[in-house]
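Chemist: Have a look at this one before I ask anything.
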Amino acid sequence: MSLLDALDEGWNLFCRRAADFWECGDHLTPNLSLMGLLQWRGDDEESPEETLERLCVAWERGDLVVRALDFPPLPVWVGATLHLMRAFDLPMALLRREEGDTLLLLRTAEGDRRLADPGPGVSHPWTRRCAFCPYGDICSVVYPPFID
């Protein structure tokens, strides 16, 4: 599983509506764009996916270490790391943030069960998740609360 695929899964865990916007292309938020971050940090010969893997995925003493960039939000990176742990059958991994502490993620049977069947995964405008979602403004226009 590539990190980009894992980020897709992380968005699905975060919110399916946000995942829809992510799949349409993160050009909807030009100041918070993964492709923009990768463009500045990548080499001319690398694809954006190769740049993402080089910047964010490392192995230290046999442990997976994922470095979270500023975009997407941290919960998406957590979900992506959990999916990578499951794909590589790892009991733990480290998630390093550019600013902040390193998170130790442990894999459990209950966590694997929830990753396999995450449930509805849709935020509503009053949840804390929507408060820091980069697609929050667009979502409130496209998916008005009365639709639910």
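The values are calculated or read from the model by the stated rules, or taken from the named source; none is laboratory data. Being a predicted model, the structure only gives us computed values, none of them experimental. Ideal geometry is used to build each Cβ from the backbone, glycine not excepted, and the neighbour counts take in all protein chains shown. Heavy atoms of the whole protein, side chains included, go into the accessibility calculation; ligands, DNA and RNA do not. Shrake-Rupley method; radii C 1.70, N 1.55, O 1.52, S 1.80 Å.
Chemist: Scan region 116-135 and give yes if some residue there is touching a helix residue (DSSP H, G or I) at 6+ places or on another chain (Cβ under 8 Å), at pLDDT below 90, among the aromatic types (Phe, Trp, Tyr) and under 13 Å from Cys15 (Cα atoms), otherwise no.
Modeler: yes
Chemist: Listed residues Gly100, Gly111; which is closer than 20 Å to Ala131 by Cβ and free of Cβ contacts under 8 Å to residues at least 60 places away in the same chain? Full working, then the answer.
Modeler: On the way: Gly111 fails: closer than 20 Å to Ala131 by Cβ.
Selected residue: Gly100, the only one of Gly100, Gly111 that is closer than 20 Å to Ala131 by Cβ and free of Cβ contacts under 8 Å to residues at least 60 places away in the same chain.
Chemist: Within region 105-120, identify whether any single residue is among the β-branched types (Val, Ile, Thr) and open to solvent by 50 Å² or more (accessible area, probe 1.4 Å), and answer yes or no. Walk me through it before giving the result.
Modeler: We begin by selecting, within region 105-120, every residue among the β-branched types (Val, Ile, Thr); these are 108.
Remaining after also requiring open to solvent by 50 Å² or more (accessible area, probe 1.4 Å): 108.
Yes, because at least one residue in region 105-120 is among the β-branched types (Val, Ile, Thr) and open to solvent by 50 Å² or more (accessible area, probe 1.4 Å).
Chemist: Just give me the residues in region 49-73 being free of Cβ contacts under 8 Å to residues at least 40 places away in the same chain and either under 24 Å from Ala109 (Cβ atoms) or open to solvent by 50 Å² or more (accessible area, probe 1.4 Å) (or both), in sequence order.
Modeler: Glu50, Arg54, Trp59, Glu60, Arg61, Gly62, Asp63, Leu64, Val65, Arg67, Asp70
Chemist: Only one of (1) outside any helix (DSSP H, G or I); (2) at pLDDT 85 or above; (3) over 20 Å from Ile138 (Cα atoms) fails for Pro72. Which number is that?
Modeler: Here Pro72 meets the rest and fails (3).
Chemist: Would you say Leu32 is surrounded by 11 or more Cβ atoms within 10 Å (Cβ to Cβ) and at pLDDT below 80? Let's see the steps before the verdict.
Modeler: Numbers: surrounded by 11 or more Cβ atoms within 10 Å (Cβ to Cβ): yes; at pLDDT below 80: yes.
So Leu32 fits the description; yes.
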